[in-house]
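Every number here is computed from the coordinates shown, using simple stated rules; none is lab data. Bear in mind the structure is a predicted one, so any value in this text is a computation, not a measurement. Every residue, glycine among them, receives a Cβ derived from its backbone with ideal geometry; neighbour counts consider all protein chains shown.
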Amino acid sequence: MSAPVRTTCPYCGTGCGVVARVAADGIAIAGDAAHPANAGRLCVKGSALGETLVPDGRLLYPKLRGADGTLQRTSWDTALDHVAGALRRIIDTHGPDAVAWYVSGQLLTEDYYVANKLVKGYVGTANIDTNSRLCMASAVAGHQRAFGEDIVPVSYEDLEQADLVVLVGSNTAWCHPVLYQRIVAAKAQRPQMKIVVVDPRRTATTDIADLHLPLRPGTDVWLFNGLLAFLHQHGVVDPAFVERHTVGVARALAVADATAGSVRAVASACRIDTSALTEFYRLFARTERVVTAFSMGVNQSSAGTDKVNSIINCHLLTGRIGKPGMGPFSLTGQPNAMGGREVGGLATMLAAHLGLDDARHRALVQRFWNSPRIPTRPGLKAVELFDAIDDGRVKAVWIMATNPVVSLPDADKVKRALKKCELVVVSDVIEHTDTTAYAHVLLPALAWGEKDGTVTNSERRISRQRAFLPAPGEARPDWWMLAEVGKRWGYAEAFRYTGPHQIFDEHARLTAFGNTDDEVPRYLDLAGLVGMDRAAYDALAPVCWPVAAGQAGSRPLRPFADGRFYTPERKARFVPTPPRAPVHACDDDYPLVLNTGRVRDHWHTMTRTGLSPRLATHIAEPYVDLHPQDALLCGVREGELAWVSTRWGRLVARVRSSGELPRRSVFVPIHWNAQYASDARVGALCNPVVDPVSGEPEFKHTPVRVEPFAVRWHGFLLSRTPVPMQTLTWWTRVTGARFVRYELAGREPVDDWAACARDMLGVGDADADWIEYEDRSVGVFRAAWIVDGRIAACLFVSPRPDLPSRAWLSGLFVKERLDDRDRIGLLVGEPPDRDADTGPTVCACFGVGRHAIVGAIHGGCRTVEALGQRLRCGTNCGSCIPELRALIASTREPA
Ligand SMILES: Nc1nc2c(c(=O)[nH]1)N[C@H]1C(S)=C(S)[C@@H](COP(=O)(O)OP(=O)(O)OC[C@H]3O[C@@H](n4cnc5c(=O)[nH]c(N)nc54)[C@H](O)[C@@H]3O)O[C@H]1N2
Ligand SMILES: Nc1nc2c(c(=O)[nH]1)N[C@H]1C(S)=C(S)[C@@H](COP(=O)(O)OP(=O)(O)OC[C@H]3O[C@@H](n4cnc5c(=O)[nH]c(N)nc54)[C@H](O)[C@@H]3O)O[C@H]1N2
Ligand code: SF4
Ligand SMILES: [Mo]
């Protein structure tokens, strides 16, 4: 085994430390006990990282689209000459605003810095936006309005020290699992700590809530205006803080009083119980140490920025900011959502927390870069950017580390736009994605484990991502590609980097440049990290900014501890927030609200988590979850398929009625796309309305209709090798251990299943070891293909979705030889012994299935701890504990 390498997880903004070791039989991944974010813990996605480091599907060489329309391998020189030349021609003819970059919070800070410098300083356009526009933009805008700078004032320790944690629009248990486990542990230690969850859905996170407020989607501003008014009415105000350190309280209070002055009015606007609302307001009023943590249920809204400020207002009124255990806390999504903001990766910012709209800021950055130009106005924000590609204003786009054909709203429009675009360059680590399909140039990037640089997590902690694997094929770092284009344009001096440490050093110097009280004071200051050579950079331990030079830093380590903010008047601003309903309201055609979000074991468009069998089984298919009564009214049934349609697009998904959704809401996960399902890209359904301040899309609120998707047959196929799926009506794909699983359904009847099955699998040999069973009278068909005694594939079909257990059949693929009982089992569609069927996975860390858990509960395990002792489930990352608890509650003792 190789020496351990300490690095940082590439998934969520919790930013856990990971220790990786390369061994002969794979890569061993463990939590880094010395990392302050996780102290050794990892969630299931982090634990399964080794399974995603496989060669499958990697983009290994630069590719150029040839005259015949196909992508063909080429050299780096040819590809980069082509990119630099084509961009140059467009810029020369149409001006710098005719080109654009669309980048990502999954880039490293160094990549992001070079992209921003090249585009803003050398191309001279601000048309560089990022998927953080879909994610953090409302939080950024809210911070800037209130604090004068994009500063997150809370750390993970504050969460643990709080006496009240309010989680707003955050499914922390699934999306920031290690942080959630820290809250769970803190509450176990101090049971007086209270948790309130504000989310229309009941989620795994509400499992630990003392109070869950299932508010009507989009009404958070009413809720927090109401809280502001309530605090004021009850004298819960810090007058000294408000007087000395804030401006604008009167107007904010006037708006709150006018729009949400009575608890009853708020309860009715938010459609929640008055007594629950009063309980929340009272709890907040009497608890000094409150952290209000928020995420996409807040940011992704046409009122996202106001939602953020309505939360911050309550902390300002009570002076609960800048002190231990309290403050408003924006949880970042991607591993480097925060780092991207530090280097100004958004179209509306400059580098190092400087602004595009201030001549002094622009001059400072241009002086530092010594660059030929600097844009004087903001560039196009993500949604506008793709509109501009669609209408031809933007003629070339370079997309890096994001998959906009899946993840933008009105995503079919994104497809149409890219189809028309003169030049589409895509840097990715995976060859076939919904977006790479539209590329004219494909550039292979180094992936996690190969790339080297820094990321910053939700608590402003900078950590190193270190390489422990060699570069595969000709993959290169993202920053290198950008720098090479800069050099080709004649800016050799500005882009002469030999490694990420030099880029980091330049970034750190820029944060300190002119950062004094009489020039342009900013809280972001990395002066103390300036001057690191490669060895020092490689040894860099995780550190939160600001990192001042020398001993006497002019900035307190805790933001706002000195009562100083970064507005011109050095005071925090209350922002009045008149509430507005979501732009598109429901009507008779689209009577329900579509809410979209994440599942526990997948990451975004699945390009990486989709490769891991362990992560694939928890939720194997795209689904639509809705209240049982709404399901009844829509005429759809649990387990069957449904059309989910909006004015923008439609998809087909499996119906669930988990009991987690309130009436009139439906939830669809964001992850599935054309690589993993025939028809499940929810981005195509989402309305493209954005918040007027931040430009962040309203992903959590689109009017929608759900209808039955009638099929003649349901089926599934497990096969050792991938099977082409084009001709079938509906399919979804799951990666298994040594097989691929397809869930299938068809609207056309199949006359001869045996022929169809052999044809689908390519079984040409009439003498193949093939077993089949068919009952035409009821439409049931089963077949299995056995090669050299091992199962090669099996197919099961039925008119209803009542098909055999996939868990049991999956087990057959690890057997070296099927025995007679297995063969009989395949024919009758039942496992030879019931224990072989452990059921769908609940605990992904130890692969423990639902049937096994229910069996153990029947056997007397009535607590999560007892289940853990018997089956190990829930004893690693803890993400499945809410489900274990739910199973215990719903499983009756045997009579
Ligand atoms: N497993 C997993 N973890 C992830 C990711 C992933 O893909 N998979 N992605 C990462 C990224 S980039 C991000 S941005 C984060 C996102 O992390 P979260 O924000 O926690 O995740 P989401 O599922 O998008 O949405 C959060 C919740 O908002 C609720 N919501 C919807 N509408 C409203 C509303 O009007 N008001 C309120 N208060 N709540 C509402 C939804 O019901 C949902 O439960 O997760 C990160 N972590
Ligand atoms: N409906 C709906 N849509 C949403 C959301 C929602 O809640 N609802 N959430 C939004 C949010 S918060 C986010 S953050 C976005 C995420 O959406 P995307 O950013 O589109 O999703 P990813 O799958 O993370 O895409 C990352 C891409 O980069 C590639 N990649 C990985 N590592 C590297 C690397 O080092 N270099 C390069 N060049 N490429 C790399 C991956 O293979 C993948 O193709 O989705 C947004 N879209
Ligand atoms: S909590 Fe987030 S950062 Fe930590 S291991 Fe899980 S996905 Fe990675
Ligand atoms: Mo995100």
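Note on the chain: with charges restricted to the Cβ of Lys and Arg (+1) and Asp and Glu (-1), its dipole about the Cα centre is near 1500 debye.
Each Lys or Arg adds one and each Asp or Glu subtracts one; over the other residues with Cβ under 13 Å from the Cβ of V290, this totals +2. Peptides 685-694, 562-571 ranked from most to least packed give 685-694, 562-571, packing being the mean of other C-beta atoms within 10 angstrom over each peptide's residues. Considering only V165, L744, L118, the residue lying farthest towards the positive end of the dipole of the chain is V165, judged by Cα position with unit charges set on Cβ.
The string of couplings for the stretch 375-392 from the Karplus curve (6.51, -1.76, 1.60, θ = phi - 60°) is x, 9, 9, x, x, 7, 7, 2, 5, 4, 4, 6, 5, 5, 5, 4, 9, x Hz, one whole number per residue in order, with x for Gly and Pro. Report D for the stretch 592-708 in µm² per second (integer): Stokes-Einstein, Kirkwood Rh on Cα pairs, 10 °C, 1.306 mPa s. D, rounded to a whole number, is 110 µm²/s.
In percent, rounded to a whole number, the relative contact order of the chain is 14, using alpha-carbon pairs under 8 Å and six or more apart. Per q in 0.08 Å⁻¹, report the Debye log10 I(q)/I(0) for the chain, using one uniform scatterer on each alpha carbon and no solvent. Those come out to -0.73, one per q. Distance between the 7 Å Cα→Cβ label points at V787 and L827: 2.4 nm.
Between the residues Y497, V624, Y61, the greatest Cα displacement towards the positive end of the dipole of the chain, with unit charges on the Cβ of Lys, Arg, Asp and Glu, is found for Y497. Under a 5 Å amide H cut-off, with hydrogens placed 1.01 Å from N, V689 pairs with E698 among residues at least 5 apart or on other chains.
Under 5 Å from the amide H of L592 lie the amide H atoms of V704, each residue being 5 or more positions distant or on a separate chain, with H modelled from the backbone and absent for Pro and chain starts.
Axis angle, to the nearest 10 degrees, between helix 220-233 and the longest C-alpha principal axis of the chain: 50 degrees. Structure note, pairs K63/K451; K120/K487; K194/K700; K187/K700; K395/K415; K45/K451: Cα-Cα distances above 25 angstrom occur for K194/K700; K187/K700. When the helices of the chain are scored as -39500 (n - 2.57) per DSSP H run of n ≥ 4 and the total is divided over every residue, the value at 222 nm lands at -8500 deg cm²/dmol. Across the stretch 453-587, C-alpha contacts under 8 Å between residues 6 or more apart give a mean separation that, scaled by the residue count, equals a relative contact order of 20 percent. If you take the beta carbon distance between A886 and R738 as r and set R0 to 25 Å, what does 1/(1 + (r/R0)^6) give as a FRET efficiency, to the nearest 0.05? Plugging the Cβ-Cβ distance into 1/(1 + (r/R0)^6) gives 0.20. For I430, the amide hydrogen comes within under 5 Å of the amide hydrogens of L59, counting only partners 5 or more places away or on other chains and with H modelled in the peptide plane. FRET efficiency for the pair T516 and E774, taken as 1/(1 + (r/R0)^6) with r the Cβ-Cβ distance and R0 = 56 Å, rounds to 0.10. A simple rule links phi to the HN-Hα coupling: the Karplus curve 6.51 cos²θ - 1.76 cosθ + 1.60 with θ = phi - 60°, which for the stretch 849-864 gives x, 4, 5, 4, 5, 4, x, 5, 5, 4, x, x, 7, 10, 10, 4 Hz, with x for Gly and Pro.
Within the shell defined by Cβ-Cβ distances under 15 Å, the residues around V547 carry a net charge of +3, with Lys and Arg each +1 and Asp and Glu each -1. Each of V778, P542, S645 was scored by the projection of its Cα onto the charge dipole of the chain, and the greatest displacement toward the positive side belongs to P542; charges sit on the C-beta of Lys, Arg, Asp and Glu. Computed packing ranks the peptides 578-584, 856-862, 174-180 as 174-180, 578-584, 856-862, most packed first, by mean other Cβ atoms within 10 Å.
Highest mean packing first, where packing is the average number of other Cβ atoms within 10 Å per residue, the peptides 242-249, 542-549 line up as 542-549, 242-249. One chain, two ends: D77 and R251. Fully extended at 0.36 nm per residue, the span grows by 56.7 nm beyond their Cα-Cα distance. Give the calculated FRET efficiency between T498 and R650 to the nearest 0.05, with a Förster radius of 56 Å applied to their Cβ-Cβ distance. After rounding to 0.05, the efficiency reads 0.65.
For the stretch 138-330, averaging the sequence separation of C-alpha pairs within contact (under 8 Å, six or more residues apart) and dividing by the residue count gives a relative contact order of 34 percent. For the stretch 120-132, 3J(HN,Hα) computed residue by residue from phi via the Karplus equation (6.51, -1.76, 1.60; θ = phi - 60°) reads 7, x, 10, 6, x, 10, 9, 6, 10, 10, 9, 5, 5 Hz, glycine and proline entered as x.
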